[in-house]
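The values are calculated or read from the model by the stated rules, or taken from the named source; none is laboratory data. These numbers were taken from a predicted model, which means no experiment stands behind them. Cβ placement follows ideal geometry from the backbone for every residue including glycine, while neighbour counts extend to all protein chains displayed. Side chains are part of the model used for accessible areas, which takes the heavy atoms of the whole protein and leaves out ligands, DNA and RNA. Shrake-Rupley method; radii C 1.70, N 1.55, O 1.52, S 1.80 Å.
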Amino acid sequence: MTTAVHRLTVRVSRERALDRDIEVWYARPVDAPIRSGVSAETLTELRDAVNGVKHFILDVSADTAVEVDYQYDRELLAHLDEAGLSAADRAALLAG
């Protein structure tokens, strides 16, 4: 018996949190039933937040396997390249 794995793709960007007037990471679902996303101050916190709501976003039970794909804004990737991060360092940072 095989178990279906659901996939959630989120687009990650930097946004200004209007309620706190600070820059935060924001993950917006792509092609999901729910359009609003989650925000956090760090990438690690953002991944935790996405993991906390991924079943809700896809409207599946908590025991359903859900894999999350993160798409990063090109400006962010370019900024990391300009900062001199190696591909391995960049992958480690973005993987949280």
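Of the strands (runs of 3 or more DSSP E) lying entirely inside the chain, those carrying at least 2 residues that are touching a residue at least 24 places away in the same chain (Cβ under 8 Å) are 6-17, 22-30, 66-72.
One residue stands out among those in the stretch 37-46 that are in contact with a helix residue (DSSP H, G or I) (Cβ under 9 Å, 6 or more places away or on another chain) and not hydrophobic (A, V, I, L, M, F, W, C): the one that is surrounded by the fewest Cβ atoms within 10 Å (Cβ to Cβ), which is SER39. Residues in the stretch 19-69 that are among the basic types (Lys, Arg) and within 18 Å of LEU80 (Cβ to Cβ): ARG47 only. Among the conditions (1) modelled with pLDDT of 85 or more; (2) open to solvent by 40 Å² or more (accessible area, probe 1.4 Å), the only one that ALA49 does not satisfy is (2). Within the stretch 22-31, the residues that satisfy the criterion of being surrounded by fewer than 17 Cβ atoms within 10 Å (Cβ to Cβ) and either of a type in the set (S, T, N, Q) or farther than 19 Å from LEU77 by Cβ (or both) are ILE22, ASP31. Go through the stretch 61-77 and count every residue that is closer than 15 Å to TRP25 by Cβ, of a type in the set (Asp, Glu) and under 14 Å from the mean Cα position of the chain (by Cα). Within the stretch 61-77, residues that are closer than 15 Å to TRP25 by Cβ, of a type in the set (Asp, Glu) and under 14 Å from the mean Cα position of the chain (by Cα) number 1. Which members of the stretch 61-82 meet the condition of being more than 16 Å from ARG47 (Cα to Cα) and open to solvent by 70 Å² or more (accessible area, probe 1.4 Å)? Result: ALA62, ASP63, ARG74, GLU75, HIS79, ASP81, GLU82. Within the stretch 1-21, being under 17 Å from LEU76 (Cα atoms) and open to solvent by less than 100 Å² (accessible area, probe 1.4 Å) holds for VAL10, VAL12, SER13, GLU15.
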